[in-house]
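J.: Please find one structure pasted underneath; my questions will follow.
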Amino acid sequence: MASTRAILHVDLDAFFVAVELARDPSLRGKPVVVGGDPSGRGVVATASYEARKFGVHSAIPLATAKRLCPQAIFLRGDFPAYQRASKAFHAILRDFSPLVESGGLDEAFVDVTGCGPVIAARCGVPSDAADEELAVAAADAIRQRVHDEQQLTASVGIASGKSIAKIASDAAKPDGVLLVPAGGEAEFLAPRPVRDLPGLGPKAEAHLTRLGIRTLGQLAAMPEGTLRALFGSGGPDLGRRARGIDTSRVTEGRGIPKSISREGTYASDTADTALLRASLRAYAESVATDLRRVERKARCVTLKLRYNDFSTINRSRTLERATSDDDDLYGTAVELLSSALERDGRAVRLIGLGASQLVDDATQLDLFEPRRNSRESLVRALDGLRARYGNRSVRTGQTFFDPFEDGEDFAEKRTGLSSQMGLDKKKRATPD
Ligand code: TTP
Ligand code: MG
């Protein structure tokens, strides 16, 4: 694979359940379901492979799971424990390549192209081995460490592109490795159902089914014009990926989110405009910092308000130019707040600020706007300080007044829901 890339997709098997099994080995070999009380109204977060044999899987009601598999052991789940395991898992991956893109708590892409020396040192293969050999050695070593250090099992797909690697890791499950050799991508994909292609949702699948297109091989053969007519500008890319051509990069960090938002609930409802504005200032700074970290700018700003009777409004504005600047987000949110309060001045229970319609932050040198450029440099310098010394190391006049009085994790603490980064790919039900 000299000129192609070697990308691993690593996904932990039955993740939440596996963490429970690692803590209590007496559960091994038994049908186990994480999600909560089977007499409650919740859904299954995940089921052990033993429970899956009975038809129990993620997202079905717990009551249904209980009917399908009455002997299953139902656990409420321990989200902090899963977060800790996820952190340790990602740390292992980063030992093999600096290019790790998380796709959620238990899965990530690892681009090992050009990581020969690192992998050679870790896995005892010659550093000039072929990329495919290095990638397989990395996959084995990752799986071994996940097993030894975390008592979990991981499945790995290896391919020249992200979507194929992801499909391959799924096909390798549980506890396996699958390499799709360079040049063999189209053949590997052809017999699979179209829904296997990451990013191809149920609506697109329904469209294709109506046209008699069921497999990726059939999708691969569709003319580009037809795909464009059906799915717009993203259509041709679906066709290319179905043929095994996927040039999308593995980006460091958590992957590219569709939106970034913060929200928090006040200890007591408030109609105090100064307090509401101060909250928006804090959120604007936090959201803008995240935008810059993932190298995105937002075209749309949304204000969310929930009143004391729980009625909730969302007000959005599309900006003339995309931004990742605190002041732009704050200014827009405050305008939205003023007009919302004019219409309805009731006390507010929850306030939120969101940024969406994210575009690539290809910061062009704008010769006619020297002021904006110098501000961008200042903002980046502040980001650097915050990254090194913590979010509260540098505060502006506005955020020195902390609206929630309990520090930077206020949104998480109060609502359990703040940033929606990266996880909106699948709608995940997490145990409460
Ligand atoms: P997945 O990787 O989709 O599933 P899994 O790890 O349980 O099983 P496998 O990969 O072996 O098929 O999701 C990872 C975790 O995310 C899962 O353990 C629980 C959580 N999750 C939910 O809470 N709700 C969901 O609907 C899904 C799909 C996952
Ligand atoms: Mg998994």
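J.: Do we have Gly201 as open to solvent by 50 Å² or more (accessible area, probe 1.4 Å) and over 30 Å from His147 (Cα atoms) here? Break it down stepwise before answering.
T.: Numbers: open to solvent by 50 Å² or more (accessible area, probe 1.4 Å): no; over 30 Å from His147 (Cα atoms): yes.
No; evaluated as a whole, the condition is false for this residue.
J.: Given the conditions (1) open to solvent by less than 10 Å² (accessible area, probe 1.4 Å); (2) within 15 Å of ligand 1 (Cβ to nearest atom), which single one is not true for Val112?
T.: (2)
Here is a yes/no grid of residues against (1) assigned to a strand (DSSP E or B); (2) more than 30 Å from Gly114 (Cβ to Cβ):
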{"position": "Leu8", "(1), (2)": "yes, no"}
{"position": "Val17", "(1), (2)": "no, yes"}
{"position": "Val33", "(1), (2)": "yes, yes"}
{"position": "Ser39", "(1), (2)": "no, yes"}
{"position": "Ala51", "(1), (2)": "no, yes"}
{"position": "Phe54", "(1), (2)": "no, yes"}
{"position": "Ala59", "(1), (2)": "no, yes"}
{"position": "Gly77", "(1), (2)": "no, yes"}
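J.: I need the full set of residues from region 22-39 which are within 16 Å of ligand 2 (Cβ to nearest atom) and surrounded by 19 or more Cβ atoms within 10 Å (Cβ to Cβ), in order please.
T.: Looking only at region 22-39, we keep the residues that are within 16 Å of ligand 2 (Cβ to nearest atom), and these are 22, 32-35.
Result: Val32, Val33, Val34, Gly35.
J.: Looking at region 50-61 only, could you name the residues that are crowded, with 16+ Cβ neighbours inside 10 Å and either modelled with pLDDT of 95 or more or touching a helix residue (DSSP H, G or I) at 6+ places or on another chain (Cβ under 7 Å) (or both)? Write out each step before concluding.
T.: Step one: list which residues in region 50-61 are crowded, with 16+ Cβ neighbours inside 10 Å, which gives 50-52, 54, 56, 58, 60.
Within region 50-61, Glu50, Ala51, Arg52, Phe54, Val56 qualify.
J.: Please work out which residue is farthest from ligand 2 (Cβ to nearest atom), limiting yourself to region 161-186 and to residues that are under 20 Å from Ala130 (Cβ atoms) and out of contact with any strand residue (DSSP E or B) (no Cβ under 7 Å at 6 or more places or on another chain).
T.: Top of the filtered list is Gly183.
J.: Inside region 63-96, can you point out the residues that are open to solvent by less than 20 Å² (accessible area, probe 1.4 Å), out of contact with any helix residue (DSSP H, G or I) (no Cβ under 7 Å at 6 or more places or on another chain), over 17 Å from Ala47 (Cβ atoms) and at pLDDT 95 or above?
T.: Selection gives His90 alone.
J.: Search region 338-373 for residues being under 20 Å from Ala322 (Cα atoms) and modelled with pLDDT of 90 or more, and hand back the single one that is surrounded by the fewest Cβ atoms within 10 Å (Cβ to Cβ).
T.: Taking region 338-373 as the starting set, the residues that turn out to be under 20 Å from Ala322 (Cα atoms) are 352-373.
Still in the list and also modelled with pLDDT of 90 or more: 352-356.
Details: Gly352: 25, Leu353: 29, Gly354: 22, Ala355: 31, Ser356: 17.
If we take residues in region 338-373 being under 20 Å from Ala322 (Cα atoms) and modelled with pLDDT of 90 or more, then Ser356 is surrounded by the fewest Cβ atoms within 10 Å (Cβ to Cβ).
J.: So which pairs qualify, if the first residue must be in region 106-128 and over 22 Å from Lys87 (Cα atoms) and in contact (Cβ under 8 Å) with a residue 60 or more places away in the chain, the second must be part of a loop (DSSP other than H, G, I, E, B) and away from ligand 1 (no atom under 16 Å from the Cβ), the Cβ gap must be under 6 Å, and the two must be at least 6 apart or on different chains?
T.: Thr113/Arg5; Thr113/Ala6
The values are calculated or read from the model by the stated rules, or taken from the named source; none is laboratory data. Nothing here was measured: the structure is a model prediction, and the numbers come from that model. Every residue, glycine as well, gets a Cβ built from its backbone with ideal geometry; the counts of neighbours run over all protein chains shown. SASA here: full protein model, heavy atoms, side chains in, ligands and nucleic acids out. Shrake-Rupley method; radii C 1.70, N 1.55, O 1.52, S 1.80 Å.
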